[in-house]
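The values are calculated or read from the model by the stated rules, or taken from the named source; none is laboratory data. Only a predicted model underlies this, so the values are computations on that prediction, with no experimental measurement involved. Please note: Cβ atoms are built from the backbone with ideal geometry, for glycine as well, and neighbour counts cover all protein chains shown. Ligands, DNA and RNA are excluded from the accessible area calculation, which covers all protein heavy atoms including side chains. Shrake-Rupley method; radii C 1.70, N 1.55, O 1.52, S 1.80 Å.
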Amino acid sequence: MALTKVYDAATVFKHLNGILNVYKPAGMKVKHVRNAIIGNICKGLNEMEQREPRKLPENRPLLGTGTAADHVLHNIASQTDLSDHVLSAGPRYLPRDLICTTVSSLGEHTSGVLLLGINRGTGQSISIRKNRPVRVYHITGRLGSATETHLPDSRVTARSNHRHVSADRISGLASSMQASHQRKMFELCGVDLQTQEAYELACKGLLRPADDSQPVVYGIKLIQFERPHFTLEVHAINETQEYLAMLVNDMALELRTVAHCSQLRCVRHAHFDVRDSLLRHAWHLPGVVKNLRQQRDILRTHPQLLRQSRVELQATQ
């Protein structure tokens, strides 16, 4: 389909609807990312062609000022409503004119995929949030030192030797933790893992929590080991930055050492990949419009992101 270049701000604003895939930098809060993008969108719209000021009704009586400028003012006012001019009313588009919501938030120290719903895309963002798709993280831990919050900007509380830790030991522990989390999913449903009922439940699809309060881990594996750093790939739902950092600390304790989380990166949220995320230098109006079109194609290819049947975990009484 051929693309048409548009110069009218009102036409562009009318089409600013959908899901936006943004790359959130580490150390930046979600609300600051949202405010920066909305501010850049308004700036881009105000730099485009604006509508003309309203016209005054004909034969409208005007009061004079008693100076020589009356004739000029009457000529201007007889044609244009000066109260509707940009120089008197201010910019046509303000941040409050845009609606922007997040699908799922990220912690301050977490970077990666951040999904935002723009204008009518807020309905889509709510649908994606209710379906609770899996998010994939690359978590880098540093062996040998532990911190108060298990994050890199906190005070070091303990140090330990880690020469006995190898890639095979971390991989084995990750596999064991993944199996225990999978077993916990079926226990929450009140089903024995070795029964036909558990098999039929697994055939229905991915088990998902019934609310946002219960983190569920679906997969953990080691993807890189360079002492003292190691990187894990974690598939989870309802996770938080603190929960993932605690996961790294618990793994280190099982390995008879200590560690803290040095980097958290969300590389995929459902079918929204980090390679399609809008980088910070592209947080402007043309970049936003292009990214909205790309994410619209993803939603069209995967309609189950908005409407899908799922198996929910319900705690047994």
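Is it true that some residue in region 126-140 is over 25 Å from GLN214 (Cα atoms) and among the hydrophobic types (A, V, I, L, M, F, W, C)? Within region 126-140 (the criterion being over 25 Å from GLN214 (Cα atoms) and among the hydrophobic types (A, V, I, L, M, F, W, C)), the answer is no, since none of the residues qualifies.
Hey, does region 204-220 have a residue that's without any contact (Cβ under 8 Å) to a residue 12 or more places away in the chain, open to solvent by 80 Å² or more (accessible area, probe 1.4 Å) and charged (D, E, K, R)? For region 204-220, residues without any contact (Cβ under 8 Å) to a residue 12 or more places away in the chain, open to solvent by 80 Å² or more (accessible area, probe 1.4 Å) and charged (D, E, K, R): absent.
May I ask you to say which residue of GLU239, GLU200, GLU187 is surrounded by 13 or more Cβ atoms within 10 Å (Cβ to Cβ), more than 28 Å from the chain's Cα centre (by Cα) and charged (D, E, K, R)? Residue meeting the stated conditions: GLU187. Among the residues making up region 19-55, those that are of a type in the set (D, E, K, R) and closer than 25 Å to ARG296 by Cα are LYS24, LYS31, ARG34, LYS43. So in region 250-266, with the set limited to residues that are in contact with a Leu (Cβ under 8 Å, 6 or more places away or on another chain) and within 14 Å of MET177 (Cβ to Cβ), which one is surrounded by the most Cβ atoms within 10 Å (Cβ to Cβ)? Ranking the qualifying residues of region 250-266, first place goes to ALA252.
Name the single residue that is farthest from the chain's Cα centre (by Cα) among those in region 45-92 being among the acidic types (Asp, Glu) and at pLDDT below 70.
ASP70
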